[in-house]
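Here the structure comes first, spelled out in structure tokens, and everything after it is commentary.
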Amino acid sequence: MKAQIEQIKNLAKEDILKVNNLQALDEVRVKYLGKKGELTLVLRGMGAIPKEERPIIGELVNKVRDELEELISKKEEELHEIALNEKLENEKIDITLPSTKIKRGSKHPINRIIEELEDLFVSMGYDVVDGPELETDEYCFERLNLPKGHPARDMQDTFYITTEYLLRTQTSSVQARTMMANEEKTPIRVVCPGKTYRRDDDATHSHQFGQIEGLVIDEGISLAHLKGTLEVFVKHMLGENSKLRFRPSYFPFTEPSYEVDVSCFKCGGKGCNLCKQTGWIEILGSGMVHPNVLKMNGYDPEKYSGFAFGTGLDRLAMFKYGITDIRLLYANDVRFLNQFDRKDD
Ligand code: DAH
């Protein structure tokens, strides 16, 4: 009996070794271990052997069964792996084929300037505010000390929609809006970048352009604050070595008013075609908020003072990136825009 079991075991082992696919392996399992399998039949025939030997034979059969089951499951794993490898081999794809490239857009130079300025001013405690492009005469002019008929209105060729509505000619309109909305609360520290419009039609001007306005109001704000702020602003945008020059000027909403020049960043102040041989480039308008403007918009000029400044985003972008023709900024030519790839985003 023992010899018979031993023989079954050896035959089964041989069969298992020979098998080379999962179906054949299953057949081997049924042949030896199934309900009518050879090893099972041995157990069934136990009645014919002496009682004392039964436990020994039973134990042996179980041992052989365990051994065979383990061999079968090992073989099964092996066959699974072979099948998987075969599959991987057959389904191989050629990953060296270049894929279709997805083109990423790039940020427009003006948006880059806006983001850079917003980051700078937010880091100094300013809020970024917004105002309507379709503005009223009241906010664009009257509340900024420019009553109807004021000669300085001629400085700005306005697109009027009706007698009261216009396309804002300057982001300064947001000064009045911010003061009115804050109802004499201080401090006010805001910048407002946005689109502005004028009836300009020569080659160096566009009828739509960008400006950024700054306004600070609190008790005890002085010209020194304005100077310090503009130094940080201009040096951050155009280089640490830039020098600033404050030239007295006139704006109806500031008193005193200044135009600010920056030392020419192309020639370093020696004189070149960019600065028209003067060594200086005009960069922004600024001044201390006019007492009339404070009063008209709800702030007591005896108690509060403030400064304001405004500049063109297009000019800043042109200076910063060395763009010589303003029309490039609005032509949407990808050959131009591609040059502002997202390198430093
Ligand atoms: N709004 C003026 C312009 O468009 C620029 C300006 C000048 C803004 C002086 C200011 C300022 O805030 O104080 O030419």
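The values are calculated or read from the model by the stated rules, or taken from the named source; none is laboratory data. Predicted model, so just to flag it, every value in this text is computed and none were measured. Don't worry about glycine lacking a Cβ; one is built from the backbone with ideal geometry, like all the others, and counts go over all protein chains shown. In case anyone asks, the SASA skips ligands and DNA or RNA and just uses the protein heavy atoms, side chains included. Shrake-Rupley method; radii C 1.70, N 1.55, O 1.52, S 1.80 Å.
Rounded to the nearest 20 debye, the dipole size of the chain about its Cα centre is 720 debye, using +1 on the Cβ of Lys and Arg and -1 on the Cβ of Asp and Glu. The accessible-area ordering, largest first, of the residues ASP137, ASP200, ASP300 stands as ASP300, ASP200, ASP137, per a 1.4 angstrom probe.
Calculate what fraction, in whole %, of the accessible area of the chain sits on carbon and sulfur atoms when a 1.4 Å probe is rolled over the protein chains.
52 percent
To the nearest ten degrees, helix 223-238 and the longest principal axis of the Cα atoms of the chain are 50 degrees apart. Taking 4.7 Å between beta carbons as the limit, the unpaired Cys residues of the chain are CYS140, CYS192.
What does the charge dipole of segment 160-280 about its Cα centre add up to, to the nearest 20 debye, if the Cβ of each Lys and Arg holds +1 and the Cβ of each Asp and Glu holds -1?
With only Lys, Arg, Asp and Glu charged at Cβ, the dipole is about 500 debye.
Only the Cβ atoms of Lys and Arg (+1) and of Asp and Glu (-1) were treated as charged; on that basis the dipole of segment 2-90 about its Cα centre amounts to roughly 540 debye. Across the cross-link table entries LYS103/LYS195; LYS270/LYS320; LYS148/LYS266; LYS101/LYS266; LYS31/LYS92; LYS103/LYS266, which are compared at the Cα atoms, the separations over 30 Å belong to LYS148/LYS266; LYS101/LYS266; LYS31/LYS92; LYS103/LYS266.
Note on segment 2-90: semi-axes of the ellipsoid equivalent to its C-alpha gyration tensor, largest first and rounded to whole Å, are 32, 11, 9. Relative to the longest principal axis of the Cα atoms of the chain, helix 109-123 runs at roughly 90 degrees.
With both labels modelled 7 Å from their Cα along Cα-to-Cβ, the GLU231 to GLU138 distance reads 4.1 nm. Taking the dipole about the Cα centre of the chain, with the C-beta of Lys and Arg at +1 and of Asp and Glu at -1, give me whichever of PHE209, PHE246, HIS236 is farthest to the positive side. Farthest towards the positive end: HIS236. The gain in end-to-end length when the ASP333 to LYS36 segment is fully stretched comes to 98.7 nm, 0.36 nm per residue minus the alpha carbon separation. For the chain, taking Cα atoms only, Rg and Dmax work out to 42.9, 130 Å respectively. Once the Cα atoms are used to define both axes, helix 2-18 deviates from the longest principal axis of the chain by about 40 degrees. Per residue, the chain exposes an accessible area of 58 Å² to a 1.4 Å probe, with every protein chain left in place.
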